[in-house]
Amino acid sequence: MTAPTTTPARRGGRWIEQWDPEDETFWNEKGEKIATRNLVFSILSEHIGFSIWSLWSVMVLFMGPEYGVDPAGKFFLVAMPTLVGGILRVPYTFAVARFGGRNWTIVSALLLLVPTVVAAVVMKPGTSYTTFMVVAALTGVGGGNFASSMTNINSFYPLRKKGWALGLNAGGGNIGVPVIQLIGLLVIGTAGAAHPRVVLGVYIPLIVVAALLAALFMDNLAPVRNDTGAVKEAARDAHTWIMSLLYIGTFGSFIGYSFAFGLVLQNQFDRTPLQAASFTFIGPLLGSLIRPVGGRLADSYGGARITLWNFAAMSVAAVVVVYASAQKSLTVFLVGFIALFVFSGLGNGSTFKMIPGIFQAKAAARGLTGEEAATYGRRLSGASMGLIGAVGALGGLGINLAFRQSFLNAHTGTPAFVSFLAFYALCAAVTWAVYLRGARPAGRIAATGAAEPQGARQAAYADI
């Protein structure tokens with residue numbers, strides 16, 4: 001195996017010309033060290049991206065009556081970044097192969113300066129609602145960071161390590177949500193609700209630091225190329241859309257609840273901005289921290305099994321929230337809602353582990369082995385991740401719109417939680433029917449429609 005070489009001048013960055021993480025000798029001697037270094041700085045950039053993406057979940061807590069924005073308008077404000085971020089995940093996925101993982105990490109980090117600086121200019125009473133909506137939409141660039149970061153890290157790691165690595169990358173990024181909420185709490189508790197620009201002043205230098213560190217310590221992988229054939233094949237594959245549905249239930253829940261938590265507390269339980277901010281960070285923090293655990297459990301026991309039990313747990317938590325919402329019990333509500341965050345984070349890790357496993361199983365079903373099978377799995381899983389990530393993020397939009405409609409019509413979030421409960425039950429049923437039921441083993445939905453041999457079925461169960 002030829003050692004990786006880095007060419008500083010090639011297309012504007014550090015390029016590794018050869019990369020084969022499935023080769024255990026290469027991985028143990030050189031690959032793991034390089035992959036870990038890139039993972040660390042990918043997490044940092046993605047972390048700040050998530051913070052900026054969720055910026056308006058904090059800014060709305062500073063928007064008192066003098067801003068002239070009603071609760072329904074605030075739910076629209078926090079929904080807008082979710083919509084834009086979900087859409088941007090598709091081009092961000094392809095940007096890694098087009099420009100290089102390191103190079104795009106630098107660019108995507110610097111793009112975060114745009115919504116942050118603009119928000120610092122307009123965040124004051126008297127600004128029009130349309131302006132706020134435009135600036136909130138700009139923060140969607142932070143949501144795109146997730147797709148490029150996950151696609152990049154997916155290329156660095158072997159299949160046997162992807163669950164943990166992708167879970168750690170995503171979990172470290174997800175923590176950006178509670179961190180900016182904690183900073184918002186600190187600002188409200190000290191400077192007061194009239195000083196939202198302090199939050200923005202914290203993040204502007206951090207964005208510059210993240211871009212600088214990516215430039216100094218990350219690498220581009222030359223073997224990673226955009227493959228329009230893989231994208232088309234992934235888009236035609238039923239697994240891509242099944243996993244998109246499941247990812248709506250896990251990541252869509254996480255990001256939707258993260259953006260809406262503070263507003264729900266204010267509108268349903270009459271909490272002040274400081275009181276709401278005191279609770280909003282807890283759920284996203286726990287959900288972020290447990291995401292790598294979901295990946296590790298999936299590595300050990302199978303992503304489909306963990307995902308099934310996870311949706312069952314989310315359904316139970318949703319029942320608790322519905323009960324607490326109907327009874328107006330804040331304590332029980334917080335217990336159930338935070339449990340939803342925890343299980344959504346756990347499911348984030350297990351579902352993303354399933355994606356490379358599914359396409360590796362499809363490679364085995366086609367009779368591919370060794371490097372040929374690994375290449376096929378990387379092509380299809382990398383292409384599908386952008387699509388799945390985009391659709392999953394749009395689930396957060398659905399959650400915020402459901403809350404908005406629920407509060408408009410019923411003046412409570414109870415109807416929204418009932419709809420979420422039904423959706424989790426659907427996701428559990430789909431997981432079991434497609435990936436765990438004996439008659440429909442993982443990898444069963446192949447492009448050919450043909451059943452796999454018994455050995456391929458066993459491999460599918462082991463990987464997924």
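Observations on the model:
- Loop-located trypsin sites (Lys or Arg not before Pro) across the range 105-185 with a Cβ neighbour count of 11 or fewer within 10 Å are lacking, with loop assigned by DSSP.
- Helix 176-190 and the longest principal axis of the C-alpha atoms of the chain enclose an angle of approximately 20°.
- Mean Cα-pair separation over length for the range 28-436, i.e. relative contact order, pairs under 8 Å, 6 or more apart, %: 26
- The distance separating the Cα centre of the range 361-382 from that of the range 152-200 comes to 33 Å.
- Pairs of C-alpha atoms in the range 356-422 farther apart than 13 Å represent 70 percent of all such pairs.
- Carbon plus sulfur fraction of accessible area for the chain, probe 1.4 Å, in percent: 67
- Spatial separation of Cα centroids for the range 273-319 and the range 89-141, in angstrom: 27
- For the chain, the longest principal axis of the C-alpha atoms and the axis of helix 197-217 are separated by about 10°.
- With DNA, RNA and ligands ignored, accessible area of L88 (1.4 Å probe; Å², nearest 10): 40
- When the range 28-436 is reduced to its Cα atoms, the Kirkwood hydrodynamic radius in Å: 21.0
- Solvent exposure of R102, expressed as accessible area, is near 30 Å², computed with a probe of 1.4 Å over the protein chains only.
- By accessible area with a 1.4 Å probe, ligands and nucleic acids excluded, highest first: order of D20, D70: D70, D20
- Note on the chain: helix-only mean residue ellipticity at 222 nm, from DSSP H runs of 4+ residues weighted -39500 (n - 2.57) and normalised by residue number, equals -25500 deg cm²/dmol.
- Per residue, the solvent-accessible area of the chain (1.4 Å probe, heavy atoms of protein chains only, all protein chains present) comes to 36 Å².
- Cα-based helix-to-principal-axis angle, 414-431 vs the chain, degrees rounded to 10: 10
- Taken about its Cα centre, the chain carries a charge dipole of about 240 debye when Lys and Arg each add +1 at the Cβ and Asp and Glu each add -1 at the Cβ.
- Solvent exposure, largest accessible area first (probe 1.4 Å, DNA, RNA and ligands not counted), of H47, H239, H195, H411: H411, H195, H47, H239
The values are calculated or read from the model by the stated rules, or taken from the named source; none is laboratory data. The shown structure was predicted, so the numbers you read here are calculated from the model rather than taken from an experiment. Note that each Cβ is placed from the backbone with ideal geometry, even for glycine, and that neighbours are counted across all protein chains shown. Heavy atoms of the whole protein, side chains included, go into the accessibility calculation; ligands, DNA and RNA do not. Shrake-Rupley method; radii C 1.70, N 1.55, O 1.52, S 1.80 Å.
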